[in-house]
1. Report whether or not GLY258 is in a loop (DSSP other than H, G, I, E, B), more than 14 Å from ligand 4 (Cβ to nearest atom) and either without any contact (Cβ under 8 Å) to a residue 12 or more places away in the chain or β-branched (Val, Ile, Thr) (or both).
2. Just name the residue that is modelled with the lowest pLDDT out of those in segment 173-209 that are of a type in the set (Asp, Glu) and in a loop (DSSP other than H, G, I, E, B).
3. Which residue is farthest from ligand 3 (Cβ to nearest atom), if the candidates are limited to segment 27-55 and must be polar (S, T, N, Q) and either part of a helix (DSSP H, G or I) or open to solvent by 20 Å² or more (accessible area, probe 1.4 Å) (or both)?
4. Looking at segment 57-162, what strands (runs of 3 or more DSSP E) fall wholly within it and have at least 3 residues that are of a type outside the set (Phe, Trp, Tyr) and away from ligand 2 (no atom under 16 Å from the Cβ)?
5. Hey, could you check segment 172-200 for residues that are polar (S, T, N, Q) and either farther than 16 Å from GLU156 by Cβ or open to solvent by 30 Å² or more (accessible area, probe 1.4 Å) (or both) and say which is nearest to ligand 2 (Cβ to nearest atom)?
6. Return yes when MET166 is closer than 27 Å to GLU88 by Cβ, touching a residue at least 24 places away in the same chain (Cβ under 8 Å) and surrounded by fewer than 16 Cβ atoms within 10 Å (Cβ to Cβ) and no when it is not.
7. In segment 71-85, which residues are touching a helix residue (DSSP H, G or I) at 6+ places or on another chain (Cβ under 8 Å) and either under 28 Å from VAL245 (Cα atoms) or among the polar types (S, T, N, Q) (or both)?
8. How about segment 223-254: which of its residues are within 16 Å of ligand 1 (Cβ to nearest atom) and not in a helix (DSSP H, G or I)?
Amino acid sequence: RADLAMYQAKASGRNAMRFFDPDMQAAMNARAILESELYKSWERNEFILHYQLQVDSRGIIGAEALVRWQHPRRGLLPPSEFIPQAEETGLILPLGEWVLETACNQLASWALQPETVQLNLSVNVSSLQFCQPDFVEQVISILDRTGANPQRLKLELTESILVHDMDDTIAKMMTLKARGVGFALDDFGIGYSSLYYLKRLPLDWVKIDRSFVRDVLTDNNDATIVRTILLLAKSMGLAVIAEGVETGAQKDFLASHGCTAYQGYLFSRPLPLEQFERFVQPAAG
Ligand code: C2E
Ligand code: CA
Ligand code: CA
Ligand code: CA
(Lines give C-alpha, C1' and ligand atoms only; values in the text may rest on other atoms or scores of the structure.)
(Ligands and ions follow the chains in the order given, each with its own letter.)
Protein backbone atom coordinates (compact mmCIF):
# COMPACT_ATOMS: atom_id res chain seq x y z
CA ARG A 1 0.00 0.00 0.00
CA ALA A 2 2.96 2.27 -0.63
CA ASP A 3 1.23 4.50 -3.16
CA LEU A 4 -1.41 5.72 -0.70
CA ALA A 5 0.46 8.88 0.32
CA MET A 6 1.06 9.81 -3.30
CA TYR A 7 -2.58 9.85 -4.39
CA GLN A 8 -3.78 11.32 -1.11
CA ALA A 9 -1.42 14.25 -1.55
CA LYS A 10 -2.65 14.68 -5.10
CA ALA A 11 -6.32 14.69 -4.11
CA SER A 12 -5.97 16.86 -0.99
CA GLY A 13 -4.25 19.51 -3.09
CA ARG A 14 -7.30 19.64 -5.29
CA ASN A 15 -9.82 19.59 -2.45
CA ALA A 16 -8.10 22.61 -0.97
CA MET A 17 -9.22 24.75 -3.93
CA ARG A 18 -12.02 27.20 -3.16
CA PHE A 19 -15.22 27.37 -5.17
CA PHE A 20 -17.85 30.03 -4.62
CA ASP A 21 -20.56 28.60 -6.85
CA PRO A 22 -22.79 26.71 -4.37
CA ASP A 23 -23.76 23.98 -6.88
CA MET A 24 -20.18 23.42 -7.74
CA GLN A 25 -19.29 23.42 -4.05
CA ALA A 26 -21.93 20.75 -3.44
CA ALA A 27 -20.59 18.66 -6.30
CA MET A 28 -17.08 19.09 -4.95
CA ASN A 29 -18.25 17.99 -1.51
CA ALA A 30 -19.98 14.90 -2.89
CA ARG A 31 -16.83 14.03 -4.76
CA ALA A 32 -14.63 14.69 -1.75
CA ILE A 33 -16.83 12.35 0.33
CA LEU A 34 -16.62 9.63 -2.29
CA GLU A 35 -12.87 10.10 -2.57
CA SER A 36 -12.33 9.92 1.16
CA GLU A 37 -14.56 6.82 1.29
CA LEU A 38 -12.45 5.33 -1.45
CA TYR A 39 -9.26 5.82 0.58
CA LYS A 40 -10.87 4.20 3.59
CA SER A 41 -12.20 1.32 1.56
CA TRP A 42 -8.72 0.75 0.24
CA GLU A 43 -7.32 0.62 3.75
CA ARG A 44 -10.12 -1.73 4.83
CA ASN A 45 -9.75 -4.10 1.85
CA GLU A 46 -13.30 -3.59 0.67
CA PHE A 47 -12.61 -4.52 -2.94
CA ILE A 48 -13.35 -7.97 -4.33
CA LEU A 49 -13.19 -9.69 -7.68
CA HIS A 50 -16.06 -11.36 -9.45
CA TYR A 51 -15.52 -13.84 -12.26
CA GLN A 52 -17.51 -14.13 -15.48
CA LEU A 53 -17.34 -17.25 -17.65
CA GLN A 54 -15.80 -17.18 -21.09
CA VAL A 55 -16.80 -20.12 -23.29
CA ASP A 56 -16.17 -21.57 -26.71
CA SER A 57 -17.89 -24.39 -28.60
CA ARG A 58 -16.15 -26.99 -26.44
CA GLY A 59 -16.96 -25.41 -23.10
CA ILE A 60 -15.43 -23.13 -20.52
CA ILE A 61 -12.17 -21.48 -21.55
CA GLY A 62 -11.76 -19.12 -18.62
CA ALA A 63 -13.06 -16.01 -16.96
CA GLU A 64 -12.82 -12.26 -16.85
CA ALA A 65 -11.99 -10.77 -13.46
CA LEU A 66 -14.25 -7.78 -12.69
CA VAL A 67 -13.68 -5.63 -9.63
CA ARG A 68 -16.44 -4.62 -7.18
CA TRP A 69 -16.49 -2.41 -4.11
CA GLN A 70 -18.24 -3.81 -1.04
CA HIS A 71 -19.48 -0.50 0.32
CA PRO A 72 -20.31 -0.61 4.05
CA ARG A 73 -23.69 1.12 3.56
CA ARG A 74 -24.49 1.04 -0.16
CA GLY A 75 -23.74 -2.63 -0.78
CA LEU A 76 -21.91 -4.06 -3.74
CA LEU A 77 -20.98 -1.28 -6.17
CA PRO A 78 -20.13 -1.85 -9.86
CA PRO A 79 -16.96 -0.34 -11.37
CA SER A 80 -18.90 2.49 -13.02
CA GLU A 81 -19.49 3.91 -9.51
CA PHE A 82 -15.84 4.14 -8.53
CA ILE A 83 -13.37 3.43 -11.35
CA PRO A 84 -13.62 6.98 -12.76
CA GLN A 85 -12.81 8.42 -9.31
CA ALA A 86 -10.08 5.85 -8.79
CA GLU A 87 -8.55 6.96 -12.10
CA GLU A 88 -8.79 10.61 -11.14
CA THR A 89 -7.24 10.20 -7.71
CA GLY A 90 -4.56 7.73 -8.70
CA LEU A 91 -6.07 5.00 -6.50
CA ILE A 92 -6.35 2.95 -9.69
CA LEU A 93 -2.59 2.30 -9.45
CA PRO A 94 -2.56 0.35 -6.18
CA LEU A 95 -6.05 -1.02 -6.93
CA GLY A 96 -4.95 -2.23 -10.37
CA GLU A 97 -1.89 -3.87 -8.85
CA TRP A 98 -4.11 -5.59 -6.27
CA VAL A 99 -6.45 -6.83 -9.02
CA LEU A 100 -3.52 -8.25 -10.94
CA GLU A 101 -1.99 -9.92 -7.92
CA THR A 102 -5.34 -11.37 -6.77
CA ALA A 103 -6.00 -12.67 -10.29
CA CYS A 104 -2.54 -14.26 -10.53
CA ASN A 105 -2.94 -15.87 -7.11
CA GLN A 106 -6.21 -17.31 -8.37
CA LEU A 107 -4.54 -18.67 -11.50
CA ALA A 108 -1.84 -20.28 -9.38
CA SER A 109 -4.45 -21.95 -7.20
CA TRP A 110 -6.52 -23.11 -10.21
CA ALA A 111 -3.36 -24.71 -11.60
CA LEU A 112 -3.42 -27.18 -8.68
CA GLN A 113 -6.81 -28.72 -9.62
CA PRO A 114 -7.42 -30.85 -12.73
CA GLU A 115 -10.89 -29.26 -13.22
CA THR A 116 -9.51 -25.71 -13.29
CA VAL A 117 -5.95 -26.10 -14.57
CA GLN A 118 -6.90 -25.12 -18.11
CA LEU A 119 -8.69 -21.87 -17.17
CA ASN A 120 -7.48 -18.55 -18.56
CA LEU A 121 -8.06 -15.33 -16.68
CA SER A 122 -8.60 -11.95 -18.32
CA VAL A 123 -7.68 -8.85 -16.35
CA ASN A 124 -8.63 -5.28 -17.24
CA VAL A 125 -5.73 -2.86 -17.26
CA SER A 126 -6.38 0.85 -16.95
CA SER A 127 -4.41 3.09 -19.28
CA LEU A 128 -2.92 5.03 -16.36
CA GLN A 129 -1.64 1.73 -14.98
CA PHE A 130 -0.29 0.48 -18.31
CA CYS A 131 1.53 3.76 -18.96
CA GLN A 132 3.54 3.64 -15.73
CA PRO A 133 7.21 3.18 -16.62
CA ASP A 134 7.43 0.16 -14.31
CA PHE A 135 4.27 -1.61 -15.52
CA VAL A 136 6.16 -4.47 -17.18
CA GLU A 137 8.36 -5.07 -14.13
CA GLN A 138 5.25 -5.00 -11.94
CA VAL A 139 3.54 -7.73 -13.98
CA ILE A 140 6.67 -9.87 -14.11
CA SER A 141 7.25 -9.57 -10.39
CA ILE A 142 3.62 -10.50 -9.67
CA LEU A 143 3.92 -13.52 -11.96
CA ASP A 144 7.12 -14.59 -10.19
CA ARG A 145 5.70 -13.98 -6.73
CA THR A 146 2.45 -15.85 -7.30
CA GLY A 147 3.82 -18.61 -9.54
CA ALA A 148 0.97 -18.07 -12.02
CA ASN A 149 1.48 -19.47 -15.51
CA PRO A 150 1.85 -16.41 -17.80
CA GLN A 151 0.26 -18.41 -20.63
CA ARG A 152 -3.00 -18.33 -18.69
CA LEU A 153 -3.01 -14.56 -18.15
CA LYS A 154 -4.74 -12.30 -20.66
CA LEU A 155 -4.52 -8.53 -20.28
CA GLU A 156 -7.41 -6.50 -21.68
CA LEU A 157 -6.42 -3.08 -23.00
CA THR A 158 -8.69 -0.37 -24.34
CA GLU A 159 -7.85 2.15 -27.00
CA SER A 160 -7.43 4.86 -24.38
CA ILE A 161 -4.04 3.29 -23.65
CA LEU A 162 -2.92 4.05 -27.09
CA VAL A 163 -3.18 7.79 -27.19
CA HIS A 164 0.16 7.56 -25.40
CA ASP A 165 3.42 6.57 -26.99
CA MET A 166 2.67 3.85 -29.57
CA ASP A 167 6.26 2.55 -29.69
CA ASP A 168 6.38 2.34 -25.90
CA THR A 169 3.05 0.45 -25.89
CA ILE A 170 4.30 -2.04 -28.46
CA ALA A 171 7.61 -2.53 -26.61
CA LYS A 172 5.79 -3.24 -23.33
CA MET A 173 3.44 -5.70 -25.00
CA MET A 174 6.32 -7.50 -26.73
CA THR A 175 8.26 -7.91 -23.48
CA LEU A 176 5.25 -9.45 -21.74
CA LYS A 177 4.34 -11.56 -24.77
CA ALA A 178 7.86 -13.02 -24.71
CA ARG A 179 6.93 -14.31 -21.23
CA GLY A 180 3.73 -15.84 -22.60
CA VAL A 181 1.19 -13.20 -21.51
CA GLY A 182 -1.67 -12.64 -24.00
CA PHE A 183 -3.34 -9.36 -24.99
CA ALA A 184 -6.90 -8.52 -25.95
CA LEU A 185 -8.17 -5.24 -27.37
CA ASP A 186 -11.29 -4.56 -25.29
CA ASP A 187 -14.46 -2.80 -26.47
CA PHE A 188 -13.36 -3.20 -30.06
CA GLY A 189 -15.10 -1.00 -32.59
CA ILE A 190 -16.25 1.87 -30.42
CA GLY A 191 -13.07 3.96 -30.59
CA TYR A 192 -11.89 6.33 -33.27
CA SER A 193 -8.99 4.42 -34.71
CA SER A 194 -9.69 0.79 -34.02
CA LEU A 195 -8.37 -0.36 -37.38
CA TYR A 196 -5.11 1.47 -36.92
CA TYR A 197 -4.54 -0.23 -33.58
CA LEU A 198 -5.58 -3.58 -34.94
CA LYS A 199 -2.92 -3.23 -37.59
CA ARG A 200 -0.08 -2.04 -35.37
CA LEU A 201 -0.44 -3.75 -32.01
CA PRO A 202 0.82 -7.28 -31.26
CA LEU A 203 -2.61 -8.52 -30.17
CA ASP A 204 -3.90 -12.05 -29.66
CA TRP A 205 -7.61 -11.30 -29.22
CA VAL A 206 -10.14 -8.66 -30.02
CA LYS A 207 -13.26 -8.33 -27.96
CA ILE A 208 -16.40 -7.22 -29.80
CA ASP A 209 -18.06 -4.53 -27.72
CA ARG A 210 -21.38 -5.30 -26.06
CA SER A 211 -23.04 -2.33 -27.77
CA PHE A 212 -22.78 -4.08 -31.17
CA VAL A 213 -23.90 -7.46 -29.85
CA ARG A 214 -26.99 -6.05 -28.14
CA ASP A 215 -28.88 -5.14 -31.32
CA VAL A 216 -27.18 -7.47 -33.75
CA LEU A 217 -30.47 -9.16 -34.68
CA THR A 218 -32.50 -6.00 -35.18
CA ASP A 219 -30.05 -3.36 -36.41
CA ASN A 220 -28.55 -3.89 -39.85
CA ASN A 221 -25.63 -1.59 -39.15
CA ASP A 222 -24.66 -3.50 -36.02
CA ALA A 223 -24.98 -6.78 -37.89
CA THR A 224 -22.69 -5.46 -40.63
CA ILE A 225 -20.13 -4.18 -38.14
CA VAL A 226 -20.06 -7.49 -36.29
CA ARG A 227 -19.68 -9.50 -39.52
CA THR A 228 -16.89 -7.17 -40.64
CA ILE A 229 -15.01 -7.41 -37.36
CA LEU A 230 -15.22 -11.22 -37.53
CA LEU A 231 -13.90 -11.28 -41.12
CA LEU A 232 -11.17 -8.78 -40.37
CA ALA A 233 -9.97 -10.60 -37.28
CA LYS A 234 -9.95 -13.92 -39.10
CA SER A 235 -7.90 -12.56 -41.98
CA MET A 236 -5.42 -11.06 -39.50
CA GLY A 237 -5.10 -14.28 -37.52
CA LEU A 238 -6.68 -12.85 -34.37
CA ALA A 239 -9.04 -14.69 -32.05
CA VAL A 240 -12.37 -12.99 -31.33
CA ILE A 241 -14.54 -13.04 -28.27
CA ALA A 242 -17.98 -11.41 -28.23
CA GLU A 243 -19.07 -9.76 -24.97
CA GLY A 244 -22.58 -9.08 -23.73
CA VAL A 245 -24.15 -12.19 -25.29
CA GLU A 246 -27.54 -12.49 -23.62
CA THR A 247 -29.59 -14.73 -25.90
CA GLY A 248 -29.16 -17.94 -27.83
CA ALA A 249 -30.22 -16.12 -31.00
CA GLN A 250 -27.38 -13.60 -30.61
CA LYS A 251 -24.95 -16.46 -30.08
CA ASP A 252 -26.26 -18.31 -33.14
CA PHE A 253 -25.88 -15.21 -35.30
CA LEU A 254 -22.30 -14.69 -34.08
CA ALA A 255 -21.45 -18.37 -34.58
CA SER A 256 -22.88 -18.43 -38.10
CA HIS A 257 -20.45 -15.61 -38.98
CA GLY A 258 -17.40 -17.34 -37.55
CA CYS A 259 -17.31 -16.23 -33.92
CA THR A 260 -15.96 -18.94 -31.63
CA ALA A 261 -15.80 -17.46 -28.14
CA TYR A 262 -18.41 -15.74 -26.00
CA GLN A 263 -19.03 -14.01 -22.73
CA GLY A 264 -22.35 -12.78 -21.39
CA TYR A 265 -25.37 -13.35 -19.20
CA LEU A 266 -26.47 -16.24 -21.47
CA PHE A 267 -23.62 -18.25 -19.90
CA SER A 268 -23.24 -16.54 -16.55
CA ARG A 269 -23.30 -13.22 -14.74
CA PRO A 270 -20.06 -12.15 -13.08
CA LEU A 271 -20.01 -14.34 -9.94
CA PRO A 272 -18.25 -14.40 -6.59
CA LEU A 273 -15.37 -16.88 -6.62
CA GLU A 274 -17.21 -19.68 -4.82
CA GLN A 275 -20.16 -19.61 -7.20
CA PHE A 276 -17.88 -19.36 -10.20
CA GLU A 277 -15.94 -22.42 -9.07
CA ARG A 278 -19.17 -24.36 -8.54
CA PHE A 279 -19.98 -23.63 -12.18
CA VAL A 280 -16.62 -24.92 -13.33
CA GLN A 281 -16.49 -28.05 -11.18
CA PRO A 282 -20.12 -28.96 -10.45
CA ALA A 283 -19.19 -32.44 -9.24
CA ALA A 284 -16.81 -31.12 -6.61
CA GLY A 285 -19.25 -28.52 -5.29
P1 C2E B 1 -15.73 -4.38 -19.61
O2 C2E B 1 -14.28 -4.69 -19.50
O3 C2E B 1 -16.27 -4.11 -20.96
O4 C2E B 1 -16.47 -5.58 -18.87
C5 C2E B 1 -17.67 -6.14 -19.31
C6 C2E B 1 -18.85 -5.55 -18.59
O7 C2E B 1 -20.03 -6.02 -19.19
C8 C2E B 1 -18.94 -5.95 -17.12
O9 C2E B 1 -19.50 -4.86 -16.40
C10 C2E B 1 -19.92 -7.12 -17.17
O11 C2E B 1 -20.60 -7.33 -15.95
C12 C2E B 1 -20.86 -6.63 -18.23
N13 C2E B 1 -21.56 -7.72 -18.90
C14 C2E B 1 -21.07 -8.95 -19.17
N15 C2E B 1 -21.96 -9.70 -19.84
C16 C2E B 1 -23.06 -8.93 -20.00
C17 C2E B 1 -24.34 -9.15 -20.63
O18 C2E B 1 -24.63 -10.21 -21.17
N19 C2E B 1 -25.21 -8.11 -20.63
C20 C2E B 1 -24.93 -6.92 -20.04
N21 C2E B 1 -25.85 -5.96 -20.07
N22 C2E B 1 -23.73 -6.68 -19.44
C23 C2E B 1 -22.81 -7.68 -19.42
P24 C2E B 1 -18.92 -4.39 -15.01
O25 C2E B 1 -18.47 -5.57 -14.21
O26 C2E B 1 -19.91 -3.44 -14.44
O27 C2E B 1 -17.61 -3.62 -15.44
C28 C2E B 1 -17.69 -2.42 -16.17
C29 C2E B 1 -16.33 -1.96 -16.64
O30 C2E B 1 -15.48 -1.62 -15.53
C31 C2E B 1 -15.57 -3.03 -17.38
O32 C2E B 1 -16.07 -3.09 -18.68
C33 C2E B 1 -14.16 -2.49 -17.29
O34 C2E B 1 -13.94 -1.51 -18.27
C35 C2E B 1 -14.16 -1.84 -15.92
N36 C2E B 1 -13.48 -2.72 -14.95
C37 C2E B 1 -13.97 -3.81 -14.31
N38 C2E B 1 -13.02 -4.36 -13.52
C39 C2E B 1 -11.91 -3.60 -13.68
C40 C2E B 1 -10.58 -3.67 -13.15
O41 C2E B 1 -10.21 -4.56 -12.36
N42 C2E B 1 -9.70 -2.69 -13.55
C43 C2E B 1 -10.06 -1.72 -14.42
N44 C2E B 1 -9.13 -0.80 -14.78
N45 C2E B 1 -11.27 -1.65 -14.96
C46 C2E B 1 -12.20 -2.57 -14.59
CA1 CA C 1 -12.87 -6.11 -20.19
CA1 CA D 1 -15.28 -5.01 -22.83
CA1 CA E 1 -17.61 -2.91 -22.98
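The values are calculated or read from the model by the stated rules, or taken from the named source; none is laboratory data. Here the structure is a predicted model, which means the values were calculated and not measured. Counting neighbours? That spans all protein chains shown, and the Cβs are built from the backbone with ideal geometry, glycine included. To get the accessible areas, we keep the full protein, side chains included, count just its heavy atoms, and leave off ligands, DNA and RNA. Shrake-Rupley method; radii C 1.70, N 1.55, O 1.52, S 1.80 Å.
1. no
2. Looking only at segment 173-209, we keep the residues that are of a type in the set (Asp, Glu), and these are 186-187, 204, 209.
Add one more test, that the residue is in a loop (DSSP other than H, G, I, E, B), and what stays is 204, 209.
Values: ASP204: 97, ASP209: 94.
Once the filter is applied, the top-ranked residue is ASP209.
3. Step by step, filter segment 27-55, then rank; the result is ASN29.
4. On the way: elements: 59-71, 75-77, 120-124, 153-157.
Output list reads 59-71, 75-77.
5. SER193
6. It is true that MET166 is closer than 27 Å to GLU88 by Cβ, touching a residue at least 24 places away in the same chain (Cβ under 8 Å) and surrounded by fewer than 16 Cβ atoms within 10 Å (Cβ to Cβ).
7. PHE82, ILE83, GLN85
8. The answer is VAL240, ILE241, ALA242, GLU243, GLY244, VAL245, GLU246, THR247.
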